[in-house]
Amino acid sequence: STISKNSLKASLLQLECHFTWTLLKEHVDLEALEETIVDHIKFVTEYNIVDYNMLAYVCHLKNSNEEALRNLKKAEEAVQKCHPGEIARSLVTWGNYAWIYYHMQRYEEAQTYVSKVQNSCKKLSSTAHGKIHLPEIYAEQGWASLRFGGKYYERAKNCFENALKSEPKNPDFNAGYAIAMYRLETLAERYCEEMRPCLEALKRAAELNPKNTTIMALLALELQRLKQANEGEKYIEKALQITPDFPLFLRYAASFYRKKGEVDKAVKILKKALALTPKSVFLHHQLGLCYKFKIFQLQKTRYTPQEEVENLIQLAIFHLKTVTEKKPTFISAHSDLANTYALGKRYEEAEEIFQEVLQRNNLTCGEKQEIYFNYGNFQHFHMSSESKAIKYYLEGLKMEKDSYGRKRCRESVETLLKKKIRSGLGDATDIGTLGLVHKLNGEKQKAIECYERAIALDPNNEEYLNALSELQLSI
């Protein structure tokens, strides 16, 4: 080929598109992501350019480059239809074209698209050299980042912030920014980090996008989180009038009612949404949670209707299993499934799920702590093994990074040990372990007291003597 592969590669790396935004496939489940985008295209007509570009990239990651090219063609058609003559809208698509042709070893065609982008950038900007920073491109990188999961939310927020610098009133950029802020706050809550409030961003986005019911629903969920559920419900009811058959909105409406405790209403909405998008992982998960909640409620009643409970357990297992098969990285869904098996006394199946997840080596700290908490509960309440429960709660607590899972491990292990010690069944080991719990909580004085009590019962224990002298030196 007349084109040198190296100089082509250098030009490709200068492009702004999905291939240069380091969106790594190990952070997503491609099947589930593809279904999400396809559903979005089916029900949301205005952002198709972004969706088709994204879908092309996903197809490439799944090694179907021909399919990727077909989606890029659709992205081009969408530009012609919605934004004729706006070159800026096509730059990402052309960049993706160049990369896919390069991967197909069709270097001439790749070079054609590289030149197309370079020439357009010269037209659009006087500083012809280097990358061009356009708000539309920042926004498109923002939407792509949101699709690739939690590790990318901070970047998504920054992208939309950059886009908003040029166009502060752009409805699309404001919507993206608000969604990124909402998701970051949800993550911060899970990891006990400082919450950056997203209420104002959601309100602003809702004003600028009066027909966007997804934004209205997130605003409602945020108000619910801030204990203003009645205010939130008004938005849900209004949005149900605007888009009664929009599955992406219905899933959030169902979440709202489930959290409010109106589980039957949530189930009804979820079934309606599932009929429209039968493959949605989110919907299957929410349905599983609703059925699980109903099982708990029934098992608390005086005369538990066994047949009804059995039926609900079957339903919950069906939906949660669908989630774990379609989206193996969805860690809390594995816990939910294992817990449901345990509720149905199917302990071996529960054990199998916990073991599989515990043996993975790519979990985040928070995910691991959540698993330790759930597995500790399983040992405690279903296997009647307090010693194993203590062991796993401690594992979660020993991981220093704070999270919702770590907090629950701490509360559970402390309650369990104190109860045992109070009832007179606690031995030196239990008191020493409580000392360790206090030490890990940073409660030095309490830890010292426990270790002193443990040593009184077991005077030659090296571990306690070392821990005690270490603590006394650090005070």
Check your understanding: Label points 7 Å out from Cα along the Cβ direction at residue 200 and residue 30: separation in nm?
Key -> 4.3 nm
**Study point:** Whole-Å semi-axes of the ellipsoid equivalent to the range 427-474 (Cα gyration tensor, √5λ, descending)
**Key:** 15, 12, 8
Practice item. Note down the magnitude of the dipole of the chain about its Cα centre, charges +1 on Lys and Arg C-beta and -1 on Asp and Glu C-beta and zero elsewhere, to the nearest 20 debye. Key: 860 debye
Point to revise | C-alpha center-to-center spacing [the range 175-207, the range 412-475] in angstrom | key: 41 Å
Check your understanding: Lys/Arg Cβ at +1, Asp/Glu Cβ at -1, dipole of the range 5-129 taken about the Cα centre: which of 120, 57, 24 is farthest positive-ward?
Key -> 120
Practice item. Could you order 136, 200 so the one with the most accessible surface comes first? Probe is 1.4 Å. Key: 200, 136
Practice item. Determine the dipole magnitude for the range 303-425: charges of +1 sit on the beta-carbon of Lys and Arg, -1 on that of Asp and Glu, nothing else is charged, the reference point is the Cα centre, and the result goes in debye to the nearest 20. Key: 640 debye
Check your understanding: Which angle from 0 to 90°, rounded to the nearest 10, does the C-alpha axis of helix 247-260 make with the longest principal axis of the chain?
Key -> 20 degrees
Exercise for review: Could you tell me what percent of the accessible area of the range 172-252 is made up of carbon and sulfur, with a 1.4 Å probe and every protein chain present?
Suggested key: 52 percent
Review point. Relative to the present Cα-Cα distance, how much length would full extension add between residue 303 and residue 422 at 0.36 nm per residue of separation?
Key: 39.5 nm
Practice item. Calculate, for the range 269-364, the solvent-accessible area per residue in square angstrom, rolling a 1.4 angstrom probe over the heavy atoms of the protein chains. Key: 51 Å²
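Using a 1.4 Å probe over the heavy atoms of the protein chains, calculate the carbon and sulfur portion of the accessible area of the range 5-129 as a whole percent.
With neighbouring chains kept in place, the figure for the range 5-129 is 50 percent.
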Practice item. Can you quote the Å³ per residue value for the convex hull of the Cα atoms in the range 27-69, rounded to an integer? Key: 65 Å³
Point to revise | Protection proxy ranking, peptides 5-16, 376-387, average beta carbon neighbours within 10 Å, highest first | key: 376-387, 5-16
Point to revise | FRET E, pair residue 414, residue 38, Förster distance 56 Å, beta-carbon r, rounded to 0.05 | key: 0.75
Exercise for review: For an R0 of 22 angstrom, estimate the FRET efficiency from the Cβ-Cβ distance between residue 169 and residue 80 and round to the nearest 0.05.
Suggested key: 0.25
Exercise for review: Please report, largest first and rounded to whole Å, the three semi-axes of the ellipsoid equivalent to the range 280-362, where each semi-axis is the square root of five times an eigenvalue of the C-alpha gyration tensor.
Suggested key: 23, 15, 9
Practice item. Once you have the Kirkwood Rh of the chain from its Cα pairs, apply Stokes-Einstein at 25 °C and 0.890 mPa s and quote D in µm²/s. Key: 96 µm²/s
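For residue 383 and residue 237, calculate 0.36 nm times their separation in residues minus their Cα-Cα distance, and state this gained length in nm to one decimal.
48.1 nm
Which FRET efficiency, nearest 0.05, do residue 355 and residue 245 yield, Cβ-Cβ r, R0 60 Å?
0.90
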Exercise for review: Place the peptides 365-372, 176-183 in order of packing, highest mean first, counting for every residue the other Cβ atoms within 10 Å and averaging per peptide.
Suggested key: 176-183, 365-372
**Study point:** For the range 181-257, with +1 on Lys and Arg beta carbons and -1 on Asp and Glu, the positive-most of 221, 208, 186 along the dipole
**Key:** 208
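Under 1.5 on a/c is rounded, so check that first for the range 185-299, then, if it is not, pick prolate when a/b is larger than b/c and oblate when it is not; a ≥ b ≥ c are the square roots of the alpha carbon gyration tensor eigenvalues.
Verdict is oblate for the range 185-299.
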Check your understanding: Simple spin-label model, 7 Å along Cα-to-Cβ: residue 4 to residue 466 in nm?
Key -> 6.1 nm
Check your understanding: So which of 368/446; 368/388; 238/265 end up more than 19 Å apart, counting from Cα to Cα?
Key -> 368/446
Practice item. Quickly rank 210-223, 461-474, 53-66, 156-169 as a protection proxy: mean count of other C-beta atoms within 10 Å, highest first. Key: 210-223, 53-66, 156-169, 461-474
Review point. Taking Cα centroids, how far is the range 286-358 from the range 1-73 in Å?
Key: 36 Å
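The values are calculated or read from the model by the stated rules, or taken from the named source; none is laboratory data. It should be emphasised that the depicted structure is a prediction, and the values quoted were computed from it without experimental measurement. Methodologically, a virtual Cβ is constructed for each residue, glycine included, from the backbone with ideal geometry; neighbour enumeration extends over all protein chains shown. Remember, those area values only see protein heavy atoms, side chains included, never the ligands or the DNA or RNA. Shrake-Rupley method; radii C 1.70, N 1.55, O 1.52, S 1.80 Å.
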